[in-house]
Amino acid sequence: MSNPQGPDNSDEPTEQVAAAADAEPATEVFAPAEPHGDELTVDPNERRFTAPSGFDAGSTQIINRSTDPATEQFSVRDPGTPTEGFSAQKPAAPQMIPPRGETPKPPKAKRKWGWVIAIVLVIAALAAVAVVGTILLTRGSSPSVSQEDNVRTTIQNYDAAIEKGDLATLRSITCGTTAEGYNSIDDKKWAETHRRVAEAGRYPVVASIDQIVVNGDHAEANVTTFMAFAPQTRSTRSFDLQFRDDQWKICQAPQ
């Protein structure tokens, strides 16, 4: 192929030059230097000493070897010895695992009914003692009050029996000479006598019971009385009573 013609182009052939950068340098080989005559030859079997250093300042420490532990010997069981049996273990009861998100409920405590019954019995005994004590204190603290009421009732019953002519009641609530007078009279004669006394208004009437004094089985009551025919004329009388046959009886009455 011909080269193009032009002012910038020459007809001379192009010289091809190898790139020096792409070429690798040649390896240089150094031969070992021969020893000079004045240098000493080193014997490999010769013992050499090094200069002392800081590591050699201390004395040499000898470390003792640890002794191996004694071999443990196991006794061989006699083949004729029966094998020791192991008791069978009880299988573990299944455990309920609560579902996630729910807290397990604590086990309910068993009620000790024995203690409950004992406490109830003690409370009942204390209540019974309190009731009995209250009754005893009431009887002991106010015997005169209840007896005074009984004396008052006897006097009121006597006054009503005199007004009505009730001979049976007069015989049951009197004692002593007063009772003898009512027991000795005949019923018909009493009825006739009472009719005439009532028409004349000559029987006593108890206007008020003013004072009652109880001393053991005896009692005395001061009363205000008047005659039925003259209620404006009042007088103070007294009743003498005794406690007989579980009741208060009038042994002496005002006339």
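FYI, it's all coordinate maths here, none of it is from the lab. If you're wondering where the values come from, they're calculated on a predicted model, not measured in any experiment. Positions of Cβ are generated from backbone atoms using ideal geometry, with glycine treated the same way; all protein chains shown enter the neighbour counts.
Among the residues of segment 196-220, those that are farther than 24 Å from residue 183 by Cα and assigned to a strand (DSSP E or B) comprise 207, 208, 209, 210, 211, 212, 213, 214, 215. Only a single item in (1) among the β-branched types (Val, Ile, Thr); (2) within 19 Å of residue 149 (Cα to Cα); (3) assigned to a helix (DSSP H, G or I) is not met by residue 224, and it is number (3).
Can you name the residue in segment 222-246 that is within 60 Å of the chain's Cα centre (by Cα) and not basic (Lys, Arg) and, of all such residues, is nearest to residue 175 (Cα to Cα)? Spell out how you get there, then give the answer.
As a first pass, look at segment 222-246 and keep what is within 60 Å of the chain's Cα centre (by Cα): 242-246.
Then drop every residue that is not not basic (Lys, Arg), which leaves 242-243, 245-246.
Details: 242: 8, 243: 10, 245: 11, 246: 13 Å.
The residue in question is 242.
Of all residues in segment 163-195, those satisfying the criterion of being part of a helix (DSSP H, G or I) and among the charged types (D, E, K, R) are 163, 164, 171, 180, 187, 188, 189, 192, 195.
Within segment 173-184, the residues that satisfy the criterion of being surrounded by 15 or more Cβ atoms within 10 Å (Cβ to Cβ) and either touching a helix residue (DSSP H, G or I) at 6+ places or on another chain (Cβ under 9 Å) or basic (Lys, Arg) (or both) are 173, 174, 178, 179, 182.
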